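Working notes, structure below.
None of the figures in this text is laboratory data; all of them are computed from the coordinates on show. As the structure is a computational prediction, the values presented were derived from the model and not from experiment. With ideal geometry, Cβ positions are generated from the backbone for all residues, glycine too; neighbour counts draw on all protein chains shown.
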Amino acid sequence: MIQCSEHFQPLLNLMRDRLLESPFIHCDETRVQVLKEPDRDPTSQSWMWVQASGPPDRKVVLFDYTSSRAQEVPLRLLESYCGYVMTDDYAGYNALALQPGVERLACMAHVRRKFVEAKKVQPQGKTGRADVALASINKLYGIERELRDVSDEQRYIGRQEKSLPELAKLKAWMEKTQPQVTSQSVLGKAVNYLANNWTRLERYIEAGFLPIDNNAAERAIRPFAIGRKAWLFSDTPKGATASAQIYSLVETAKLNGQEPYT
């Protein structure tokens, strides 16, 4: 597999060129164990970085193996990129967001999950503050479903008319609620997460082509995460790199409606 994957590099270079032409890129990372990394313990955690983007008929997913999760990695992977990047709140993306021409978005789905957890600790059968946040977030997603099949221009207009007022309500609720909850409670952590990421969360309404969440990256990672449960680890860095190359080709083919195994 390692020898075969080396022949794919020219194609992967073209795929990266296409990715960097996109107005926005989804970014995420997940753990991978590599047994024989130089000067590292076999149990050390390494990382598989994922970037996904492209128009509906030319989508691209790229996997990149590194032994590090440091901020230098996304800086290298997206060197010279200008556009929006959708990430979680991991600090490793902070340096990338400071680059000229790069604008960072935050994932609304992450926020929703935190309020779902807060709802679980509410008294059973009672409506609480988490329900208020979830109702507002669900309205925002409902608007996205309504606008799914329209043009980017129409989606922008729809978001300005419908999403902007709902975001204003959610922000007002957040500012009122944050001083009233303890920061270590499940609800407090959810509210603080919302507040700390607010500017990045609301930015998706700036343009009709921008996503509300990072689910595209999470969907791209899922096949790798499922496979990892079966094969558990890579033996060498070359093997992990080859794995990244193969996953890039296979998942890109699948996203574009092609059958990669025939």
Check: Could you work out the helix-only [θ] at 222 nm for the chain, with each DSSP H run of four or more residues adding -39,500 (n - 2.57) and the total divided by the number of residues, to the nearest 500 deg cm²/dmol?
Finding: -15000 deg cm²/dmol
Check: So if we plug the beta-carbon distance of TYR261 and THR199 into 1/(1 + (r/R0)^6) with R0 = 35 Å, what FRET efficiency do we get, rounded to 0.05?
Finding: 0.20
Next item on the list: Would you tally the net charge around ARG113, using a Cβ to Cβ cut-off of less than 12 Å, leaving ARG113 out, and scoring K and R as +1, D and E as -1?
Entry: +1
Note to self: I need the fraction of alpha carbon pairs in region 186-256 separated by more than 18 Å, rounded to a whole percent.
What the structure shows: 60 percent
Next item on the list: Measure of size requested: the Rg and Dmax of the chain, with Cα atoms as the atom set and Å as the unit; please supply both.
Entry: 20.0, 60
Next item on the list: Work out the P(r) tail for region 138-261: percent of alpha carbon pairs separated by more than 19 Å, whole number.
Entry: 65 percent
Next item on the list: Calculate the spin-label point distance for ALA172 paired with ALA225, positioning each point 7 Å from the Cα along the beta-carbon direction, and give it in nanometres.
Entry: 3.6 nm
Notebook entry, point to check: Over what distance in Å are the Cα centres of region 160-207 and region 12-77 separated?
Noted result: 30 Å
Next item on the list: Could you tally the net charge around ARG228, taking each other residue with its Cβ under 12 Å from the Cβ of ARG228, Lys/Arg +1 and Asp/Glu -1?
Entry: +3
Notebook entry, point to check: When the chain is fully extended, how far beyond the present Cα-Cα distance does LEU98 get from ASP57, taking 0.36 nm per residue of separation?
Noted result: 11.7 nm
Notebook entry, point to check: Given labels modelled 7 Å from the Cα in the Cβ direction, how far is it in nm from GLN124 to ARG148?
Noted result: 3.4 nm
Notebook entry, point to check: Kirkwood hydrodynamic radius of region 108-203 from all distinct Cα pairs, in Å?
Noted result: 14.0 Å
Item checked: trypsin sites (Lys or Arg not before Pro) lying in DSSP loop within region 132-162, provided at most 14 other Cβ fall within 10 Å -> ARG148
Item checked: Fraction of beta bridges assigned by DSSP in the chain that are antiparallel (%, nearest 5) -> 60 percent
Margin query: Cross-link candidates for LYS171: which aspartates and glutamates have Cα within less than 18 Å, leaving aside residues fewer than 8 places away along the same chain?
Written below: ASP131, GLU161, GLU202, GLU206, ASP213
Next item on the list: Holding the Cα-Cα limit at 22 Å, pick out from LYS36/LYS254; LYS139/LYS169; LYS119/LYS189; LYS114/LYS139; LYS114/LYS229 the pairs that are longer than that.
Entry: LYS36/LYS254; LYS114/LYS229
